[in-house]
Amino acid sequence: MSTGLPTLELFDRYVIPTYGRFGLRLARGSGCRIWDEDGREYLDFGAGIAVTSLGHGHPRVVERLRQQVGELVHTSNLYYTRPQGELAKRLVDIVGAPGKVFFCNSGAEANEALYKLSRKFGNEANGFHSPAGPHSNPDAPLRRGIVTMNGSFHGRTLGGIAATGQDKVKKGFEPMIEGYKHIPFNNIAALNEAAEDPNMVAVLLEPIQGEGGIHPASPEYLRAARTLCERRSMLLLFDEVQCGLGRTGDWNGWDTLAPDVKPDAVSWAKGIAGGFPLGAIWVSARPVQMRSGEVKPLCDLLGPGTHGTTFGGTPLICSGALEVLSIIEDEHLLENARVLGKHAADSLRALHSPWIAEVRAVGLLLGIELATDFATRCPLPAGKAPSVFMVERLHEVGLLTIPSGTHVLRWLPPLNVQAADVDEAVRLLSSVLASLPQP
């Protein structure tokens, strides 16, 4: 039953203000379009921050969820349900290497599972098993540290903000959980130096930093990380929460950058279920030498009682995610992401706008970096970042985009976006840039 209060007043009175929200009151969506409570239409190039990978209300997803709601929505993970097993197999196939999957509800939770996997590995294992290698040594030093990158973002749990390489997320939550070492991204020398610390047990990185402004790792960096982790018997962990499952034009973001590299574990969320809350990790089946002398697959290291969640992998959400992945394949959306991502990047660069310093793009993961001197050439309200200023101006002309830091606009449209939508978004951005003071 409606309270009769306006939406903004409802939020002011009853919702904890953890988000810096824009003033839009969104009500419904269809495809790449979304409408507010007043009926105004917007082109959605934020997609819930890379979440609604098929846009809004895809008929196949709606029908599959409607069917599953009538069969079984939820049951405890004390029992087996077919959709969870089928989705796990699908994700293992997508990685293309033996392993197993754990389901949760978000990217932050998925990354927490990676931290726990690393701790378990460092506390109970000597490293990767090799039949020609040394026997287990129960007295070997414990390893608990994780190398992460400056500019990274891994979620807002206490573990997530400790892992994240941005100071702004840590303020007010000190002291940080210990054990994380932040280093410059894409710097092989810094990576090798950090790994010399005998406490380090894993390297965690985003193949493409999303919140950090769309910065891809170089192929050489990913290969160096893989080589280093082999040499030091460390885990190589990829956070693909934003760049995974089709957004780059491949199922895996790392395959777009360095297809010869495979991680030991990977986290997903965001677009995995097209708008419904689901996170997951894949963990490799490669054998691990335990301190006890036992050899077991890495993917079995988190056994019964070591990790869990009430809502992870419900029949409803897994059925929806299976349909989302099938649609991406059936409608050739990986190719669409590659083709239209390039079209978008080329069109943005062709604007030759003095307000744009750089366009970075990997598939449909685009970062538009504004000129460094934007704020000196364009008067801004006190305390407002250029990225936020531009996002609000774009709202006025009917385009939703996502700010990243102080100077980057992110375009994260649905994977089934059409060329006409891209052209419209470029036109709308161009119109706003043209309205700014000219040099």
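The values are calculated or read from the model by the stated rules, or taken from the named source; none is laboratory data. Model, not experiment: these values are computed from the prediction. Positions of Cβ are backbone-derived with ideal geometry, glycine not excepted, and every protein chain shown enters the neighbour counts.
Gly212 satisfies every condition listed in (1) surrounded by 24 or more Cβ atoms within 10 Å (Cβ to Cβ); (2) at pLDDT below 95; (3) not acidic (Asp, Glu) except (1). Among the residues of region 261-283, those identified as under 16 Å from Pro315 (Cα atoms) and surrounded by 24 or more Cβ atoms within 10 Å (Cβ to Cβ) are Ile272, Ala273, Gly274, Leu278, Gly279, Ala280.
Do you know which residues across region 14-57 are farther than 30 Å from Gly383 by Cβ, small (Gly, Ala, Ser) and under 19 Å from the mean Cα position of the chain (by Cα)? Residues satisfying the conditions are Ser53, Gly55. The number of residues in region 391-426 that are closer than 28 Å to Ile327 by Cβ and not hydrophobic (A, V, I, L, M, F, W, C) comes to 11. Among residues of region 25-51 being touching a Lys or Arg at 6+ places or on another chain (Cβ under 9 Å) and part of a loop (DSSP other than H, G, I, E, B), the one that is nearest to Ile272 (Cα to Cα) is Val51.
Of all residues in region 312-338, those that are in contact (Cβ under 8 Å) with a residue 24 or more places away in the chain and closer than 23 Å to Leu257 by Cβ total 8.
Within region 113-164, track down each residue that is of a type in the set (Val, Ile, Thr) and either in contact with a Pro (Cβ under 8 Å, 6 or more places away or on another chain) or more than 21 Å from Asn192 (Cα to Cα) (or both).
Selection gives Thr157, Ile161.
Please work out which residue is nearest to Leu334 (Cα to Cα), limiting yourself to region 221-251 and to residues that are among the hydrophobic types (A, V, I, L, M, F, W, C), part of a loop (DSSP other than H, G, I, E, B) and touching a strand residue (DSSP E or B) at 6+ places or on another chain (Cβ under 9 Å). Looking at the filtered set, the residue picked out is Leu245.
Among residues that are under 30 Å from Gly405 (Cβ atoms) and touching a residue at least 24 places away in the same chain (Cβ under 8 Å), Val147 is included.
Checked against (1) touching a helix residue (DSSP H, G or I) at 6+ places or on another chain (Cβ under 8 Å); (2) outside any loop (DSSP other than H, G, I, E, B); (3) farther than 27 Å from Gly363 by Cβ, Trp254 meets all criteria but (3). Of the residues making up region 179-186, not a single one is in contact (Cβ under 8 Å) with a residue 12 or more places away in the chain, part of a helix (DSSP H, G or I) and surrounded by fewer than 20 Cβ atoms within 10 Å (Cβ to Cβ). Applying the criterion of at least 2 residues that are in the same structural domain as Pro131 (by TED's automatic domain parsing) and of a type in the set (Gly, Ala, Ser) to the strands (runs of 3 or more DSSP E) found wholly in region 286-403 leaves an empty list.
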